[in-house]
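Engineer: Handing you a structure now.
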Amino acid sequence: MASVDKIEHQLEVATTEYRRCVEELKEKGEQLGEKEVELHDLKKNLRQRKYEDESEKNWWLEDMQKLEEEVKELKLDKNELRTSKDRWELQMQKLQNTLMETTKT
C-alpha cells in the first residue's frame with residue numbers, strides 16, 4: 001500500500017501544478033489582452049498624430065517597440081505555460097491510470 005500512497009502523493013503534486021499553470025495562463029492571457037489593446041491604440045495614435053519634430057516621433061516609436069517586445073514576451077510565456085500545463089495534465093492521467101491499475105490488484 002506504500003506504493004498507492006506514493007502514487008496518490010504524486011497525483012496531488014501534479015494536480016496542484018496543473019492548477020497553478022491554469023491560473024497563471026489566465027493571468028497571462030489577461031495581461032496579454034491589455035497590452036495588445038494598448039499597442040493597438042498606440043499604433044493608431046502614431047498614424048493620426050502630427051509631430052512637432054523627429055525626436056517626438058522617435059519617442060513614440062520607441063514606446064511602441066517596447067510594447068511590441070512586452071507582447072512578444074507575454075506570448076512566449078503563455079506558450080511555455082500551456083506546454084507545462086499539458087505536461088502536468090498528461091502526468092495526472094498517467095498517475096490516475098497507474099493508481100486504478102494498482103488498486104485493482
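Engineer: Within the stretch 47-101, how many residues turn out to be farther than 30 Å from ILE7 by Cα, over 26 Å from the mean Cα position of the chain (by Cα) and not aromatic (Phe, Trp, Tyr)?
Structural biologist: Of the residues in that region, 12 qualify.
Engineer: Oh, and also: Filter the stretch 49-67 down to the residues that are in a helix (DSSP H, G or I), charged (D, E, K, R) and either open to solvent by 70 Å² or more (accessible area, probe 1.4 Å) or without any contact (Cβ under 8 Å) to a residue 12 or more places away in the chain (or both) and list them by number.
Structural biologist: Within the stretch 49-67, GLU54, GLU56, LYS57, GLU62, LYS66 qualify.
Engineer: For the stretch 43-79, enumerate the residues that are of a type in the set (Phe, Trp, Tyr) and in contact with a Lys or Arg (Cβ under 8 Å, 6 or more places away or on another chain).
Structural biologist: Matches in the stretch 43-79: TYR51, TRP60.
Engineer: Which residue, of LEU81, LEU74, is touching an Asp or Glu at 6+ places or on another chain (Cβ under 6 Å), modelled with pLDDT of 95 or more and buried (at least 16 other Cβ atoms within 10 Å of the Cβ)?
Structural biologist: After applying the criteria, what remains is LEU81.
The values are calculated or read from the model by the stated rules, or taken from the named source; none is laboratory data. Keep in mind that this is a model prediction, so the values were computed, not measured. Every residue, glycine among them, receives a Cβ derived from its backbone with ideal geometry; neighbour counts consider all protein chains shown. Just the protein is used for accessible areas: all its heavy atoms, side chains included, with ligands, DNA and RNA removed. Shrake-Rupley method; radii C 1.70, N 1.55, O 1.52, S 1.80 Å.
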